[in-house]
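The structure appears below as structure tokens.
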Amino acid sequence: MGELAADTAVTRTGEGTYVAMLNPEWEIWGPQGGYVAACGLRAIGAASTHQRPVAFSCHYLSVAAWGEVELRVDARKEGRGASAYRVEMTQGDRRILDAMAWTDNQDEGLEYDEAVMPDVPLPDDLKLIQELLPEGVWPPFPFWRNLDYKLANGPDWPARVPGVAVWQSWLRFVPSTGDDDPWVDAARSVVLIDVSSWPAVRGRSNDDVPYVAPTLDLNVAFHRAALGEDWLLCDSAAPVSTGGLFGWNARVWSQSGALHASGGGQCRYRKL
């Protein structure tokens, strides 16, 4: 089992340079994309003088190997209220990820909230996924050992009934993490929004699918911190899948009905 705060931590090696260690406990078809992106976000957090991330966008360029990766953070615009940073992740001569993020300190402006959480059962009213599936089926990848997982919109594989490309699930990182660090807290949303793409598409079928679908890009907007919130609802949809591509969008909620982050990206199918 991994631990998000420790497994995305970065160590400074020079001016704007850091290293991180990719832990194989976060494996899905290789290092899970949101986990890799979260390491990039943590490097920006280490370099920024501002208190919080507000937007993050990345392109996945190569699949990393387990072990050390190098990160270089460059300030693209530094201001008193907000700053923009670019981070490049490499492993030897291989480019793994390019990302951009905005950070800021401002907390004043027009205040309203029209976001409405989906009408789904709360975590206390649901069973863990391993309680619903045959013994030995769960987890399909080491990554899923790092999360308590309760599906909110119907049974998961292999008992699912084909429906729409939507995935609504309550997830809790174990051990619980992110209670006091806004950058680790934001990393939770990065991981959840990224991982939600494939489960949404799989909502269309209960058959084996002869593809994987690597993520090309990921974009996340951080609306408010979820400090102290363990269970987070990931509400994801992939409404169009055509021409070898599908796009998805996702939102992250807490039990109080607050929207904490939203985002999505594009995936490209690859035959097994």
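Data for the structure
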| read-out | value |
| --- | --- |
| Solvent-accessible area per residue, Å², over the stretch 32-179 with all protein chains present [probe radius 1.4 Å] | 53 |
| Nearest-0.05 FRET efficiency for Asp125 and Met21, computed from C-beta distance (R0 30 Å) | 0.20 |
| R0 of 30 Å, Cβ-Cβ distance Glu108-Asp74: FRET efficiency to nearest 0.05 | 0.55 |
| For His223, solvent-accessible area (1.4 Å; no DNA, RNA or ligand), Å² | 90 |
| Net +/- balance of residues flanking Ala213 in space, Cβ distance below 11 Å, scoring K and R +1, D and E -1 | +4 |
| 14 Å beta-carbon shell around Ser83, net charge (K/R +1, D/E -1) | +2 |
| Relative contact order (percent, whole number), the stretch 44-155, Cα cutoff 8 Å, 6+ residue spacing | 23 |
| Accessible carbon and sulfur surface of the stretch 111-253 relative to its total accessible area, %, 1.4 Å | 50 |
| Normalised contact order of the chain, rounded percent, pairs of Cα under 8 Å and 6 or more residues apart | 19 |
| Cα→Cβ-extended label distance, 7 Å offset, between Val240 and Gln51, nm | 4.0 |
| For Tyr269, solvent-accessible area (1.4 Å; no DNA, RNA or ligand), Å² | 50 |
| Rounded accessible area of Glu27 (nearest 10 Å², 1.4 Å probe) | 50 |
| Reachable lysines from Lys127, criterion Cα separation under 24 angstrom, eight or more residues apart if same chain | Lys150 |
| Helix axis angle, 182-195 relative to the chain longest principal axis, alpha carbon, degrees | 40 |
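The values are calculated or read from the model by the stated rules, or taken from the named source; none is laboratory data. Note that the structure is a prediction, hence the values are computed from the model and not measured. Here Cβ is always computed from backbone atoms with ideal geometry, including for glycine, and neighbour counts include all displayed protein chains. The accessibility values were calculated without ligands, DNA or RNA, using every heavy atom of the protein model including side chains. Shrake-Rupley method; radii C 1.70, N 1.55, O 1.52, S 1.80 Å.
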